[in-house]
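Read the structure below first, then the notes.
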Amino acid sequence: MKLIITLSVLVLLICGCSITNNVKQKTPKFTVNGKEVIVYTTASKTKLRLAQTDKTVFTDAKQPTESEVSVFVNPNKSFQTFLGIGGAITDASAEIFAKLPADKQTELLKAYYDKKEGIGYSLIRTPIHSCDFSSASFTYVSDDDKELKTFSIDHDKQYRIPLIKKAIETAGGKIPLYASPWSPPPFMKSNKEMLHGGKLLPEYFESWALYYTKFIKAYEKEGMPIWGITIQNEPMATQRWESCIYTAEEERDFLKNYLGPIMEREGLGDKNIVVWDHNRDLITNRANTIFEDPEASKYAWGIGFHWYEVWAGGEYMYENLARIKESYPDKKLLFTEGCVENFDAKKYQHWPNAERYGQSMINDFNQGTVGWTDWNILLDETGGPNHVFNLCFAPIHGDTKTGELIYTPSYYYIGHFSKFIRPNAKRISTVSSRSHLLSTSFLNEDGTMATIIMNQSDLEIKYKLYIGMKAVEQTILPHAIQTIIY
């Protein structure tokens, strides 16, 4: 007798519709009987990199015992709808891309954005004018141009826009693109510079809100639809690079009194606005302040976050995300930036860097996150360019001296998610019986399930993946990640 488990329409309605407006999802039918199971593995101290390591089927199983290690998947329980996984196309990434030989440019595009030959990125972030990962600070207007008459994105047309267009083309012609500012122009700020924090002056609130709309319209005129914007990158961090400070109340009031209304006035009310765009530690305060205000909340699609709270000696505050999802179930969670800091070329293959990605992605998704965006898609052999020497790792580095691409383990760990979880998938209830294994699952629209299992221990672990009373037995190597497709 076949075991068929169907996700009900009721579950889809309760747990969250597709994040694209007015799109009806087909309810996939899911069965494990007689269906092929394919296992892909990336493991430390081996040559396995997103390699197919097994092909099997589910078989009848008995009640699991305490001595076994188990992973339990329940397709009857579904949660958030998946937006995508991707990375940021910054000026730094685009400048390094332009220096690569033509064949390596093609290789990089396929590596990231091709669903078959690469890891199928389905999301792009880009800065609004300059950030630290630009060769220098710049804006889109001349000094003191409050009316924005000189607004122009010509700077971006040299490197950044051509790369974004090629990425969109490689991804199949359509991919959500969102943008974030690191600082308003100097004349709009209290400290009269883009660096070192400072605040947006009240007399420029309207002008700065209009700046976002001009950016969106200019990019869309170039053939790059904008999915949405974040209000301010890291609004509580005074950095030596481009930065601007907003308290929770200031961001709330700017959104409800200026940015939201002006976006609507300019015919851009359908664009998604993401608040916070900073670490998980203070995210709850920001959510409470903005989402509890109906006039501000109505403009906010959701809240974005980074992973850098550990910089201050803290821990990864994953539970803060769950508390937000409990309190504001209609608001979306979006991971907007993360990278491994303190670049050192001797650590290209440093495995803990990759495990940081795997741990964050599994935990973030299990707390309700709908999308996950890495930082720079490409940096050079110095971890830059960066105009304030804030040098970091990327999943792929381009050596400008040799013209070669250097793939780090982080690329493959991200790929275990991005290649197999496609937009509009639904997260499915998944738990492990031992803390050694982290796990999550997504059911794609075509009915295929992707279960990702990460072993963060020094042990080789034999485990069984259960769906009801059907199971597949597998072994995962120490410090490895597996994606199981069925």
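Bear in mind that the values in this text are calculations on the coordinates, not laboratory data. Since this is a predicted model, take the numbers as computed values, not measurements. Glycine gets a Cβ as well: all are built from the backbone with ideal geometry, and neighbour counts include every protein chain shown.
Observations, loosely collected:
- Dipole magnitude (debye, nearest 20) for the range 66-165, charges at Cβ of Lys, Arg, Asp, Glu: 380
- Values of log10 I(q)/I(0) for the range 84-418 across q = 0.11 Å⁻¹ run -0.66, by the Debye formula with one identical scatterer at each alpha carbon and no solvent.
- With the simple spin-label model, which puts each label point 7 Å out from Cα in the Cβ direction, the Glu169 to Thr475 separation comes to 4.7 nm.
- Estimated inter-spin distance, Ser152 and Lys116, nm [label 7 Å along Cα→Cβ]: 4.3
- Spatial separation of Cα centroids for the range 408-472 and the range 325-401, in angstrom: 20
- Between helix 160-170 and the chain: long-axis angle, C-alpha atoms, 0 to 90°, nearest 10: 30
- Calculated on the Cα set of the range 234-352, radius of gyration then Dmax: 16.1, 52 Å.
- Rounded to the nearest 10 degrees, the inclination of helix 102-113 to the longest alpha-carbon principal axis of the chain is 70 degrees.
- If R0 is taken as 30 Å, the Cβ-Cβ distance between Ser327 and Ser435 corresponds to a FRET efficiency of 0.65.
- In this label model, Asn342 and Ile38 are separated by 4.0 nm, measuring between points 7 Å along each Cα→Cβ vector.
- Ranked packing of 359-369, 102-112, most packed first, by mean Cβ within 10 Å: 359-369, 102-112
- Simple Cβ-charge dipole of the chain, Lys/Arg +1 and Asp/Glu -1, about Cα centre, in debye nearest 20: 1780
- The chain: angle of helix 318-327 to the longest principal axis, Cα-based, in degrees nearest 10: 80
- For the chain, calculated [θ]222 nm from helices alone, where every DSSP H run of n ≥ 4 adds -39500 (n - 2.57): -7000 deg cm²/dmol
- Here the chain carries DSSP beta bridges of which approximately 60% are antiparallel, counting only pairs with both residues inside.
- Ellipsoid equivalent to the range 100-156 - semi-axes via the Cα gyration tensor, in Å: 34, 13, 10
- Entries in Lys221/Lys256; Lys115/Lys331; Lys149/Lys331 that, when Cα-Cα distance is taken, lie over 31 Å: Lys149/Lys331
- Of the peptides 45-53, 228-236, the order by per-residue mean of other Cβ atoms within 10 Å, starting with the highest, comes out as 228-236, 45-53.
- Ranking of Phe254, Phe420 by count of other Cβ atoms within 10 Å, fewest first: Phe254, Phe420
- At R0 = 35 Å, FRET efficiency that the Cβ-Cβ distance of Lys192 and Asn288 yields, to 0.05: 0.60
- Note: the range 256-303, Cα convex hull, 65 Å³ per residue.
- Annotation: the residues Val37, Val57, sorted from fewest to most other C-beta atoms within 10 Å of their own C-beta, follow the order Val57, Val37.
- Distant alpha-carbon pairs in the range 334-485 (separation over 19 angstrom), percent: 57
- Modelled FRET efficiency - R0 30 Å, Glu203 with Val388, Cβ distances, 0.05 increments: 0.60
- Working from Cα pairs under 8 Å separated by at least six residues, relative contact order for the range 84-418 is 20 percent.
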